[in-house]
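Participant: Right, I'll just put the structure down here and ask away after.
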Amino acid sequence: MDKLAKLNKTILKCTKCELCESRINAVPGEGAKNAEVILIGEAPGKNEDEEGRPFVGRAGKTLDEVLAELSIPRENLYITNILKCRPPKNRVPKKPEVEACIDYLFKQIELIQPQIIVTLGQSALKTLTGLKGNLRDFHGNKYEFNNYPVLVTYHPAAVVYNRNLKSELVNDLKNIKSIIEK
Ligand code: SF4
């Protein structure tokens with residue numbers, strides 16, 4: 001078993017924060033272990049919790065639509081979240097939960113060594129770059145985390161509620177297409 005698979009196995013049994021009591025499944029993430037691009041959302045939702053896979057609910061379908069529009073195969077990416085377990089009723093992650101969980105993400109990044117990290121939504125942006133504020137002001141821009149470029153965009157869940165954002169999400173993610181095709 002490779003190091004990433006071992007780490008993800010540890011996550012499945014993790015009890016480091018209270019979310020282990022309410023989850024059905026921890027959701028470590030999935031995709032290529034040597035992916036050029038890591039997509040990072042906030043936390044698993046209901047469907048993800050039930051299936052143990054990231055981005056499989058409505059937001060996941062929107063992400064799939066966007067990737068299909070750009071002809072980016074989902075399996076070429078690595079897709080995960082800041083938190084690996086679902087917060088009850090999809091509430092915003094609490095600070096101690098993020099603090100307990102974040103090392104898993106850092107370790108995943110270290111093992112995968114992507115060319116670029118993509119933050120999907122506010123939580124991932126704030127956690128990786130410290131930036132706060134309206135995503136409108138940041139999306140499409142690149143920042144940095146531990147010498148990795150970080151591309152900022154919307155969470156696909158935002159597109160579920162505001163379809164006008166879809167073209168902006170597509171446009172932002174065009175940036176990763178050339179990296180994947182290299
Ligand atoms: S959210 Fe993270 S720290 Fe909390 S139980 Fe799940 S895997 Fe462990």
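Participant: Looking at segment 67-90 only, could you name the residues that are open to solvent by 20 Å² or more (accessible area, probe 1.4 Å), within 13 Å of the ligand (Cβ to nearest atom) and either assigned to a loop (DSSP other than H, G, I, E, B) or free of Cβ contacts under 8 Å to residues at least 40 places away in the same chain (or both)? Steps first, please.
Facilitator: Narrowing segment 67-90 to residues open to solvent by 20 Å² or more (accessible area, probe 1.4 Å): 68-69, 71, 73-76, 86, 88-90.
Going one step further and asking which of them are within 13 Å of the ligand (Cβ to nearest atom), we end up with 86, 88.
Passing the criteria: only Arg86.
Participant: Inspect all residues belonging to segment 141-155 and state whether any of them is in a helix (DSSP H, G or I) and either among the polar types (S, T, N, Q) or modelled with pLDDT of 95 or more (or both).
Facilitator: As a first pass, look at segment 141-155 and keep what is in a helix (DSSP H, G or I): none.
Taking every residue of segment 141-155 in turn, none turns out to be in a helix (DSSP H, G or I) and either among the polar types (S, T, N, Q) or modelled with pLDDT of 95 or more (or both).
Participant: Kindly indicate whether Glu48 is under 19 Å from Ala158 (Cα atoms), under 12 Å from the mean Cα position of the chain (by Cα) and of a type in the set (D, E, K, R).
Facilitator: Working: under 19 Å from Ala158 (Cα atoms): yes; under 12 Å from the mean Cα position of the chain (by Cα): no; of a type in the set (D, E, K, R): yes.
The answer is no for Glu48.
Participant: Could you grab me the full set of residues in segment 4-51 that are under 23 Å from Ile176 (Cβ atoms), within 12 Å of the ligand (Cβ to nearest atom) and not acidic (Asp, Glu)?
Facilitator: Of everything in segment 4-51, those that are under 23 Å from Ile176 (Cβ atoms), within 12 Å of the ligand (Cβ to nearest atom) and not acidic (Asp, Glu) turn out to be Asn8, Val27, Pro28, Gly29, Ala43, Pro44.
Participant: Looking only at segment 91-111, how many residues end up being under 21 Å from Leu7 (Cα atoms) and open to solvent by 60 Å² or more (accessible area, probe 1.4 Å)? Break it down into steps so the answer makes sense when it comes.
Facilitator: Taking segment 91-111 and keeping what is under 21 Å from Leu7 (Cα atoms), we get 96-111.
Filter once more, so that each one left must be open to solvent by 60 Å² or more (accessible area, probe 1.4 Å): 96, 99, 103, 106-107, 110.
Matching residues across segment 91-111 total 6.
Participant: Same structure again: Is it true that Leu19 is closer than 19 Å to Lys166 by Cα and either out of contact with any His (no Cβ under 9 Å at 6 or more places or on another chain) or surrounded by fewer than 23 Cβ atoms within 10 Å (Cβ to Cβ) (or both)? Explain how you work it out, then say what you get.
Facilitator: Details: closer than 19 Å to Lys166 by Cα: no; either out of contact with any His (no Cβ under 9 Å at 6 or more places or on another chain) or surrounded by fewer than 23 Cβ atoms within 10 Å (Cβ to Cβ) (or both): yes.
Judged against the criteria, Leu19 is not a match.
Participant: Please indicate, with yes or no, whether at least one residue in segment 142-152 is out of contact with any strand residue (DSSP E or B) (no Cβ under 7 Å at 6 or more places or on another chain), surrounded by fewer than 20 Cβ atoms within 10 Å (Cβ to Cβ) and in contact (Cβ under 8 Å) with a residue 12 or more places away in the chain. So that I can check it myself, show each step before the final result.
Facilitator: Initial filter on segment 142-152 (out of contact with any strand residue (DSSP E or B) (no Cβ under 7 Å at 6 or more places or on another chain)): 146-147.
So of that shortlist, the ones also surrounded by fewer than 20 Cβ atoms within 10 Å (Cβ to Cβ) come out as 146-147.
Checking the rest, the ones that are also in contact (Cβ under 8 Å) with a residue 12 or more places away in the chain come to 146.
Within segment 142-152 (the criterion being out of contact with any strand residue (DSSP E or B) (no Cβ under 7 Å at 6 or more places or on another chain), surrounded by fewer than 20 Cβ atoms within 10 Å (Cβ to Cβ) and in contact (Cβ under 8 Å) with a residue 12 or more places away in the chain), the answer is yes, since at least one residue qualifies.
Participant: Just wondering, is there one or more residues in segment 112-125 that are part of a helix (DSSP H, G or I), within 16 Å of the ligand (Cβ to nearest atom) and within 20 Å of Leu4 (Cβ to Cβ)?
Facilitator: Filtering segment 112-125 down to residues part of a helix (DSSP H, G or I) leaves 112, 122-125.
Subset that is within 16 Å of the ligand (Cβ to nearest atom): 123-124.
Then drop every residue that is not within 20 Å of Leu4 (Cβ to Cβ), which leaves 124.
Scanning segment 112-125, I find at least one residue that is part of a helix (DSSP H, G or I), within 16 Å of the ligand (Cβ to nearest atom) and within 20 Å of Leu4 (Cβ to Cβ), so the answer is yes.
Participant: Of all residues in segment 21-38, how many are touching a strand residue (DSSP E or B) at 6+ places or on another chain (Cβ under 9 Å), in a loop (DSSP other than H, G, I, E, B) and closer than 21 Å to Gly57 by Cβ?
Facilitator: Here the count works out to 3.
The values are calculated or read from the model by the stated rules, or taken from the named source; none is laboratory data. Just so you know, these numbers come straight off a predicted model, no measurement behind them. Here Cβ is always computed from backbone atoms with ideal geometry, including for glycine, and neighbour counts include all displayed protein chains. Keep in mind that these areas ignore ligands, DNA and RNA; they rest on the heavy atoms of the full protein, side chains included. Shrake-Rupley method; radii C 1.70, N 1.55, O 1.52, S 1.80 Å.
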